[in-house]
Amino acid sequence: TSSGDNNTNQEVVEDENKKIKQPQFKVINMVVSAIKLDAEIEIVDEDSLIVSATDITVVDNSSLRVVYESSIPAGDTSAFISSANLTPDTEYTIIAKATYKIDELEYTKSFVNKIFRTEALGVTFEKSYATVNSITVGIKRKSYSDVTSVVISIYDSKGGKLDYKGVDFSKSDNVEVTFEGLDKNTDYKVVMHDVLCDGVVVEEGYSEEKN
């Protein structure tokens, strides 16, 4: 999903001899998944007003952290963005800033301020059932999810890792794993991590845990 202002409205400045058209920037061919962004910025500068490189950033709106940055020289008519280190279900802004000159006066402007949100991972897990010495966990993948595998680990109350199971969704969107040899009347923590999504392991130490 995406929203925001592409700043495509053309501004016209009256001159003695002609109408001067300010540069236009437009985000096109934008594809967003849980962790990836691929997009192109189309630049139209009919009167060659841009005098600086165009600086492009992608910013995490909650932390204001820059997660992607690049620069293209003046005169280029397009810029490509490709990032595979985003966080699932998170809002970001694409910013493209450049300086242009009219009548020997320079102006710096953010020509693109486009907000978008990454998709959720689309994978959940719950305890299916337990016996006196085992716990079975059910893992479900939603139809839209790009996740192909995860790892489920179990920890004791002191944080010690007892066992782990790899989960592959190539044959089914619903998988169960069982941890055996556990003590009765004991608390354990189950964690999902090492999530492989769209061919990339989700970074930022993503994990989800349940007791």
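The values are calculated or read from the model by the stated rules, or taken from the named source; none is laboratory data. Since the model is a prediction, treat every value here as computed from it, not as a measurement. For neighbour counting, all protein chains shown are included, and Cβ atoms are generated from backbone atoms with ideal geometry for every residue, glycine included. Just the protein is used for accessible areas: all its heavy atoms, side chains included, with ligands, DNA and RNA removed. Shrake-Rupley method; radii C 1.70, N 1.55, O 1.52, S 1.80 Å.
Hey, among the residues in the range 29-46 that are crowded, with 19+ Cβ neighbours inside 10 Å and of a type in the set (A, V, I, L, M), which one's nearest to residue 75 (Cα to Cα)? Only one residue fits best here, namely 43.
Residue by residue, here is whether (1) open to solvent by 20 Å² or more (accessible area, probe 1.4 Å); (2) among the charged types (D, E, K, R); (3) without any contact (Cβ under 8 Å) to a residue 60 or more places away in the chain holds:
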| residue | (1), (2), (3) |
| --- | --- |
| 87 | yes, no, no |
| 103 | yes, yes, no |
| 120 | yes, no, no |
| 130 | yes, no, yes |
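For the range 173-206, the set of residues classified as modelled with pLDDT under 95, among the hydroxyl-bearing types (Ser, Thr, Tyr) and under 20 Å from residue 128 (Cβ atoms) consists of 186, 188, listed by residue number. In the condition set (1) open to solvent by 30 Å² or more (accessible area, probe 1.4 Å); (2) polar (S, T, N, Q); (3) under 26 Å from residue 199 (Cβ atoms), residue 77 is compliant with all but (3).
The set of residues from the range 145-176 being open to solvent by 100 Å² or more (accessible area, probe 1.4 Å) and in a strand (DSSP E or B) comprises 161, 164, 176. If you filter the range 14-28 down to residues that are polar (S, T, N, Q) and surrounded by 15 or more Cβ atoms within 10 Å (Cβ to Cβ), you find that the one that is modelled with the lowest pLDDT is 22.
Where strands (runs of 3 or more DSSP E) sit wholly within the range 70-144, those with at least 2 residues that are more than 22 Å from the chain's Cα centre (by Cα) and under 30 Å from residue 185 (Cα atoms) occupy 123-130, 134-141.
Conditions tested, residue by residue: (1) farther than 30 Å from residue 177 by Cβ; (2) of a type outside the set (A, V, I, L, M).
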| residue | (1), (2) |
| --- | --- |
| 49 | yes, no |
| 76 | yes, yes |
| 94 | yes, no |
| 101 | yes, yes |
| 118 | no, yes |
| 127 | no, yes |
